[in-house]
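For reference, the structure is listed below as structure tokens.
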Amino acid sequence: MAPVVQAKGATPPSDSPGPTLAAPRGTRVASQIPWLLLGPSTTVLVLLFVVPIAYVLVLSVTDPRLGFAHYQRIFTVPLYTHVLVNTFFTSLVVTAACLVLGYPVAYVMARRGGWVGTVLLTIVAMSFWTGFLVRTYAWLVILGSKGPVASAYQGLGLGKAPQLLFTTFSSTLGMTHILLPYMILALYAVMKKIDANHLKAAASLGARPVAAFREVFLPLSLPGVVNGSLLVFVSCLGFFVTPVLLGTPRDMMISQLINQQIEELLAWGFASAVAVVLLAATGLVVAVYNRFAGLERLWG
Amino acid sequence: MTKSIHTTRGRRSFLTGAAAATLSPLIITNRVIAQTRTIYVNTWGGSWTAAEEAAFFKPFTDQTGIRVKTVAPVSYAKLKAQVQSGSYEWDITAITQADLLRADREGLLDPIDWSVVKKDKLFPNAVYANGLAYCALGTNLVYRKDKFPQGGPKTWADFWDVKKFPGNRSMLNNPVRSLQFALVADGVPPDKVFPMDVDRAFRKLDQIKPHIKVWWTQGNQSQQLMRDGEVDMMVMWNARASELAQQGHPVELIWHGATITTTMWGVAKNAPNRKLAWEFLQFAVQAKPQADFASRLFYGPTNPEAFKYVSPEVARQLPTYAENAKVAIKPDTVWEAENTARIQERFTQWLAA
């Protein structure tokens, strides 16, 4: 899905799918065809997304009694707001870390073709395909008191390593590592399509490499940044196994609470209310992001 | 330059075939499941299911011809979802006594079918709230012998004594268990723990909280912590500890003040294969299958006759062994069923503070 670089307001290229059936001009059927084509995908979206979310919404105000008692509880008991804030803050930190770490890697992958780019792509893809539970357990071994980091500390004569595991640092590190391939691949997909001639043109007009990067490459890669950031941010909001295994109870994420309510306490009404609050907060964040950065960049 | 699949014919038939392939599993309905004399059991997976296969499912299938299929993992929430929606993934489940009581009170269980289950073939206390007793699981104090050459902790009070027994500690992230251990550490005798003085327990827990390195949630995690030496003493399920000991690791189990949780078999209300399910359960509560299961997994049999078929070395490690059960905490299922929800919230808040 290559976002084509074009001036705003240009029409899409002529080989994109459209109503090209030869129906007599002016018939109502011909003008309904776009809606008919949209039908199946709309039905799928409605059945698989809209209906369940509506059900959850209804459940949050009807189970066990009609009313907003659940929402009241969420905003009065400090635990839930604390966990919600922590979840959003952690997700922001992880997204920023992924962006900072992922951008250079994607840049090298995209700009250097040949075997360097291929090797990097293979490494990132293999990390991507390894299950996230396996990667979490790998961090348990690496950061553990008998792991390579502790041995390196002792080998370098720095004495006993500080507590690395079961801290906020380790859980954030784990989540960043797991979500990094998403960011890199999203950035790579966009950067690969950026024409190298644009940068050559900038150089021919007198721009030094840093300026060319800043003025030409960076704006063209923004769709990838938006794409990757959204993907990583929303995925991070739903994370709960990695913080449980690698972090402290203070780093608890909201999904763990929702899971507890559903599985152990069978309080489905309350769990739905928490889920609705999470959905609304996410919507708010995305809306603010749209206001400042513009989601239409996703399409180039 | 556009690339496309050259023959429209080829693409269409491929898509039709793919669609048919994805939709075909939906053809298997409840009625089909019931007609092929198969029962579906909800189980934990891994070594638990492997032990069940060997001790219960295979002998049962050999004896009656009824096939047994498993669905993992155990989910109490799924029980409620199944009964409410009327679409069943499994017929039988194995849940704790407290959850069974809650399920029964909410009308999620099929009443015992006395035409299939014979009362005279059951051992005393086998029946509880429309469920049949399965096995007993212990949650114990476990420590590494090599970290305490002069002798390790013997009671929960020792676990709380960070001066006499220094070292990294871990506890199970479960409110009811943690509160029970805190009360025993504070001097309450194990058979007088219920009804729990929750405030006293939380005050005692405050003392140990700064010394707990990690609050574990999964069995494998607990074994890794002990095996890798990340912690020196911890709360652990007895079968997991016995498994490590069997593999040669220097772990020691303490039974004083341990909690013993009984797992019960239950059948989901209106499950499609309930008659066959009760036949299976009649088989599963007999002495020999229970003994076989206990020998493989170290979870205690609830049928006292089963001890006749268990070797002495294995018997000593089981929660329902007389010596062990005597010093363990006496459970109160009704109290647990009624109070878990409100304690859970307080505990989660306490942990996150």
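The values are calculated or read from the model by the stated rules, or taken from the named source; none is laboratory data. Keep in mind that what you see is a predicted model, and the values were worked out from it rather than measured. FYI the Cβ positions are ideal-geometry reconstructions off the backbone, even for glycines, and counts take in every protein chain you see.
Worth pointing out:
- The single condition from (1) away from every other protein chain (no Cβ under 14 Å); (2) among the polar types (S, T, N, Q); (3) more than 24 Å from A:Asp63 (Cβ to Cβ) that A:Thr242 fails is (1).
- Counting only helices (runs of 4 or more DSSP H) that sit wholly inside the range A:1-115, those with at least 2 residues that are among the small types (Gly, Ala, Ser) and at pLDDT below 85 are A:28-45.
- Test: residue in the range B:130-149 that is out of contact with any Asp or Glu (no Cβ under 9 Å at 6 or more places or on another chain), assigned to a loop (DSSP other than H, G, I, E, B) and under 30 Å from B:Asp228 (Cα atoms): yes
Quick grid of which residues meet (1) within 12 Å of chain A (Cβ to nearest Cβ); (2) in contact (Cβ under 8 Å) with a residue 12 or more places away in the chain; (3) not aliphatic (A, V, I, L, M):
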site: B:Tyr128; (1), (2), (3): no, yes, yes
site: B:Arg144; (1), (2), (3): no, yes, yes
site: B:Asp161; (1), (2), (3): no, no, yes
site: B:Pro175; (1), (2), (3): yes, yes, yes
site: B:Asp191; (1), (2), (3): no, yes, yes
site: B:Arg200; (1), (2), (3): no, yes, yes
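- In the range A:256-275, the residues that are under 16 Å from A:Ser60 (Cα atoms) and touching a residue at least 12 places away in the same chain (Cβ under 8 Å): A:Leu257, A:Ile258, A:Asn259, A:Gln261, A:Trp268, A:Gly269, A:Phe270, A:Ala271, A:Ser272, A:Ala273, A:Val274, A:Ala275
- A:Trp139 vs. criteria under 24 Å from the mean Cα position of the chain (by Cα), within 14 Å of chain B (Cβ to nearest Cβ) and aromatic (Phe, Trp, Tyr): yes
- Note on the range A:108-120: residues that are surrounded by fewer than 17 Cβ atoms within 10 Å (Cβ to Cβ) and either in contact (Cβ under 8 Å) with a residue 40 or more places away in the chain or touching an Asp or Glu at 6+ places or on another chain (Cβ under 8 Å) (or both) amount to 1.
- If you go through the range B:259-301 and pick out every residue that is of a type in the set (Gly, Ala, Ser) and under 14 Å from the mean Cα position of the chain (by Cα), you end up with 3.
- Within the range B:94-126, the only residue that satisfies the criterion of being part of a loop (DSSP other than H, G, I, E, B), within 14 Å of chain A (Cβ to nearest Cβ) and modelled with pLDDT under 90 is B:Glu106.
- Screening the range B:297-353 for helices (runs of 4 or more DSSP H) wholly inside it with 1 or more residues that are within 14 Å of chain A (Cβ to nearest Cβ) and either at negative phi or acidic (Asp, Glu) (or both) returns the ranges B:333-352.
- Subset tally (residues that are facing chain A (nearest Cβ under 7 Å) and modelled with pLDDT under 90) for the range B:215-232: 6
Conditions tested, residue by residue: (1) buried (at least 21 other Cβ atoms within 10 Å of the Cβ); (2) within 30 Å of B:Gln282 (Cβ to Cβ).
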residue: B:Tyr128; (1), (2): no, yes
residue: B:Thr139; (1), (2): yes, yes
residue: B:Phe148; (1), (2): no, no
residue: B:Gly152; (1), (2): yes, no
residue: B:Val162; (1), (2): no, no
residue: B:Pro195; (1), (2): no, no
residue: B:Asp199; (1), (2): no, no
residue: B:Gln207; (1), (2): no, no
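- Residue in the range A:267-289 that is buried (at least 19 other Cβ atoms within 10 Å of the Cβ), more than 25 Å from A:Val94 (Cα to Cα) and in contact with a Phe, Trp or Tyr (Cβ under 9 Å, 6 or more places away or on another chain) present: yes
- Within the range A:150-168, the set of residues being assigned to a helix (DSSP H, G or I), within 14 Å of chain B (Cβ to nearest Cβ) and either touching a Ser or Thr at 6+ places or on another chain (Cβ under 8 Å) or surrounded by fewer than 17 Cβ atoms within 10 Å (Cβ to Cβ) (or both) comprises A:Ser151, A:Thr168.
- Matching residues, the range B:51-88, being in contact (Cβ under 8 Å) with a residue 40 or more places away in the chain, away from chain A (no Cβ under 14 Å) and either closer than 19 Å to B:Arg296 by Cα or surrounded by 15 or more Cβ atoms within 10 Å (Cβ to Cβ) (or both): B:Ala51, B:Glu52, B:Ala54, B:Ala55, B:Phe56, B:Pro59, B:Phe60, B:Ile66, B:Val68, B:Tyr88
- Matching residues, the range B:240-290, being of a type in the set (Lys, Arg) and not assigned by TED's automatic domain parsing to the domain that holds B:Thr61: B:Arg240
- When B:Ala294, B:Ala271, B:Ala325 are screened for being surrounded by fewer than 20 Cβ atoms within 10 Å (Cβ to Cβ) and not hydroxyl-bearing (Ser, Thr, Tyr), only B:Ala325 passes.
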